[in-house]
Structures are given as structure tokens and as C-alpha cells.
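K.L.:
Before we start, here is the structure in question, set down as C-alpha cells.
The values are calculated or read from the model by the stated rules, or taken from the named source; none is laboratory data. Just so it is clear, the structure is predicted and the values come from calculations on it, not from any experiment. All Cβ positions, glycine included, derive from the backbone under ideal geometry; neighbour counts span all protein chains shown.
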């Protein structure tokens with residue numbers, strides 16, 4: 001894999017202390033994949049701890065203050081109301097068509113693009129991405145502890161991403177996003193504390209081994225505690 005993009009600590013620090021109103025942003029969650037490495041099961045509906053994988057990601061985006069959350073995948077009546085569910089055509093045709101369909105529902109200037117299988121993603125991680133995006137040309141993504149880019153854990157300028165995807169004719173998410181040269185936040189910059197033995201926010205559940213690893217953590221990562229404040233922020237932006 002090509003070397004991951006990078007962002008300096010100074011860039012993150014200056015963005016984090018910027019004295020501006022919270023960004024108006026939407027979130028697109030890709031939840032319609034085939035889960036072929038898990039035998040075709042309903043992966044977003046699998047549980048880690050007390051919540052489904054998709055519920056954890058939706059909760060993180062909501063608590064971070066997303067104005068609108070678009071889930072590209074089947075309707076989930078068990079999730080809270082207010083979500084927008086859409087499907088790519090044909091369903092299961094891949095991440096690029098799914099992202100293209102989700103972006104068609106986005107009107108905010110900034111968009112989070114997230115996988116639906118990140119059980120330990122929390123609002124504080126997303127806020128760090130959001131704080132780093134101002135001043136960047138395209139966007140910012142997480143990288144894991146091996147330096148691998150996490151393309152479905154990122155924050156983007158909606159106009160830049162929409163223009164790129166409309167001109168793109170292939171079906172590789174890497175091929176779409178790498179040329180945009182996003183900045184990257186390493187584990188320390190995104191607020192992950194390895195010494196505290198907390199579960200990594202980029203841990204995705206692509207295989208049975210990944211799922212077993214996630215379920216082996218002794219308990220759910222700490223729940224969000226600021227949902228009322230986030231709801232107030234969303235209402236103020238409408």
C-alpha cells in the first residue's frame with residue numbers, strides 16, 4: 001500500500017484551539033456491504049457489548065453533533081428516529097456507489113464518512129477529525145497503529161469529495177480518496193491511549209477473528225455522556 005498521508009502535530013494543535021463555532025456537518029455511514037469475509041451475515045447488525053456495530057457508529061456521529069446522519073444500507077427500525085436510510089443501485093455494488101448515493105443526501109459543507117463496523121468509535125475521536133479539517137484542501141482521516149490509512153474514518157469537504165466521486169469511474173475507495181491527499185491523524189493525535197489498554201477506534205470487524213477480538217474486550221468503551229448537548233447543537237444548526 002502507498003505511504004499514508006500525514007499531518008503535523010502543529011497543524012492539529014492549531015485547528016483544535018481555533019475559536020470558531022462548531023462545524024456544521026453531516027455524516028454518511030456505509031452499511032450495505034456483502035460481508036463476504038464473515039460469510040454474508042448481516043454485519044452491521046452484529047453485537048459487540050450491548051450495541052450493534054451500526055448503533056455504535058450512529059451514536060458516535062450523533063453525539064459529535066452531526067446535523068444529519070445518512071445510512072447507506074437497509075432500514076433499521078431498531079435505531080433511533082431521524083436517520084435517513086438510502087440504498088445504492090444495485091444494492092451491494094460496492095463502497096464507491098454507496099458513498100456516491102450517500103453524498104447525494106448531504107447538504108452540509110463538511111461530511112464524516114464512516115464504516116458501519118467500528119464498535120469503539122466515539123464522538124471524541126470524531127471531534128478531533130472535525131477540529132483538524134479547517135484549512136485543509138480536502139479532508140483528514142485516521143491512520144491505525146501500523147500507519148495504515150482508515151479511509152472510512154474520515155472528515156471531508158463535501159464539495160471536494162462530491163466533485164471527485166462524480167468524475168470517478170472505478171470502484172476502489174482507495175483509488176478515489178488517495179489522490180485527494182487527505183491529511184492523517186495518528187493514534188496519539190486522535191486521542192487513542194495505548195497505555196490505557198482502551199480498544200482502538202479503528203478496529204473494524206471484517207472477519208470472524210476481528211469480531212472475536214472486539215468481543216474479547218471486557219466491556220463496552222465508555223458511553224457518550226454529552227448527547228443532550230449534541231442534540232441542542234443540532235437543533236441550533238437547522
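K.L.:
Taking segment 51-81 only, how many residues are surrounded by fewer than 24 Cβ atoms within 10 Å (Cβ to Cβ), over 22 Å from residue 93 (Cβ atoms) and touching a strand residue (DSSP E or B) at 6+ places or on another chain (Cβ under 6 Å)?
P.N.:
2
K.L.:
Still on this structure, please answer the following. Residue 182 fails exactly one of the following numbered conditions: (1) touching a strand residue (DSSP E or B) at 6+ places or on another chain (Cβ under 9 Å); (2) without any contact (Cβ under 8 Å) to a residue 60 or more places away in the chain; (3) over 17 Å from residue 118 (Cβ atoms). What is the number of that condition?
P.N.:
All conditions are met except number (2).
K.L.:
To continue, here is another question. Just for segment 80-104: of the residues that are in a loop (DSSP other than H, G, I, E, B) and without any contact (Cβ under 8 Å) to a residue 40 or more places away in the chain, which one is nearest to residue 51 (Cα to Cα)?
P.N.:
Looking at the filtered set, the residue picked out is 80.
K.L.:
A follow-up question, please. Check 124, 148 and return the single one that is surrounded by fewer than 19 Cβ atoms within 10 Å (Cβ to Cβ), out of contact with any helix residue (DSSP H, G or I) (no Cβ under 9 Å at 6 or more places or on another chain) and touching a residue at least 60 places away in the same chain (Cβ under 8 Å).
P.N.:
The match here is 148.
K.L.:
When you check residue 133 against the structure, is it surrounded by 18 or more Cβ atoms within 10 Å (Cβ to Cβ), without any contact (Cβ under 8 Å) to a residue 40 or more places away in the chain and out of contact with any helix residue (DSSP H, G or I) (no Cβ under 6 Å at 6 or more places or on another chain), yes or no?
P.N.:
So residue 133 fails the test.
K.L.:
Something else: Check residue 54 against each of (1) modelled with pLDDT of 85 or more; (2) over 13 Å from the mean Cα position of the chain (by Cα); (3) within 21 Å of residue 204 (Cβ to Cβ) and name the one condition it does not meet.
P.N.:
(2)
K.L.:
Let me ask something additional. Based on this model, can you work out whether residue 163 counts as modelled with pLDDT of 95 or more, surrounded by fewer than 17 Cβ atoms within 10 Å (Cβ to Cβ) and over 25 Å from residue 42 (Cβ atoms)?
P.N.:
yes
K.L.:
Continuing with the same structure: Could you tell me which of the residues 214, 230 is in a helix (DSSP H, G or I), at pLDDT below 95, surrounded by 15 or more Cβ atoms within 10 Å (Cβ to Cβ) and touching a strand residue (DSSP E or B) at 6+ places or on another chain (Cβ under 7 Å)?
P.N.:
Going through 214, 230 in turn, just one is in a helix (DSSP H, G or I), at pLDDT below 95, surrounded by 15 or more Cβ atoms within 10 Å (Cβ to Cβ) and touching a strand residue (DSSP E or B) at 6+ places or on another chain (Cβ under 7 Å): 214.
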